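A short reminder: the numbers here are calculations on the coordinates, not readings from a lab. Here the structure is a predicted model, which is why all the values come from computation and not from measurement. Note that we place each Cβ from the backbone using ideal geometry, even for glycine, and neighbour counts take in every protein chain shown.
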Amino acid sequence: MKDAKSCTSISELRDEIDRIDRMIMELLARRQEFVCEIVRFKTDEKSIVAKSRQEQLYKQRRAWAEELHLSPDMIDEVYKTIVHHNIKKELELHNKSKKQ
Ligand SMILES: C=C(O[C@@H]1C=C(C(=O)O)C=C[C@H]1O)C(=O)O
């Protein structure tokens, strides 16, 4: 991995940004695989939404953001968007499994 300070042009910096985004997305795809499997252990809509797990997760991600000098508000928005879409996906999978 390159050091940002050692880059000497805008294109070198953008190449690295593209590489990092690809890695972030590969990790998001891997995270999604685990989220999809969690449906096997859930019984209803309430357990899919998992409000207390969400609250704990947002709190911890905000703390991690501070540690990493990222904006906690930005990280909160990112995770709320991810979780919102994951709940939608889990509900679809749950409803599909009920029909079978
Ligand atoms: C994956 C889960 O299901 C949902 C999705 C979450 C996530 O994407 O991290 C967290 C909580 C739930 O709303 C879970 O219960 O842990």
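Summary of computed values
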{"read-out": "Residue under evaluation LEU91, criteria (1) touching an Asp or Glu at 6+ places or on another chain (Cβ under 8 Å); (2) assigned to a loop (DSSP other than H, G, I, E, B); (3) within 16 Å of the ligand (Cβ to nearest atom), criterion not met", "value": "(2)"}
{"read-out": "Boolean, SER9 is over 14 Å from the mean Cα position of the chain (by Cα), within 14 Å of the ligand (Cβ to nearest atom) and small (Gly, Ala, Ser)", "value": "no"}
{"read-out": "Selection status of ALA50, at negative phi and either among the small types (Gly, Ala, Ser) or within 11 Å of the ligand (Cβ to nearest atom) (or both)", "value": "no"}
{"read-out": "For LEU70: the one exception among (1) within 13 Å of the ligand (Cβ to nearest atom); (2) not in a helix (DSSP H, G or I)", "value": "(1)"}
{"read-out": "Selection count where residues are exposed (fewer than 10 other Cβ atoms within 10 Å of the Cβ), assigned to a loop (DSSP other than H, G, I, E, B) and not aliphatic (A, V, I, L, M), scope the range 1-33", "value": "3"}
{"read-out": "Any hit, the range 42-53, residues being part of a helix (DSSP H, G or I), exposed (fewer than 10 other Cβ atoms within 10 Å of the Cβ) and of a type in the set (Asp, Glu)", "value": "no"}
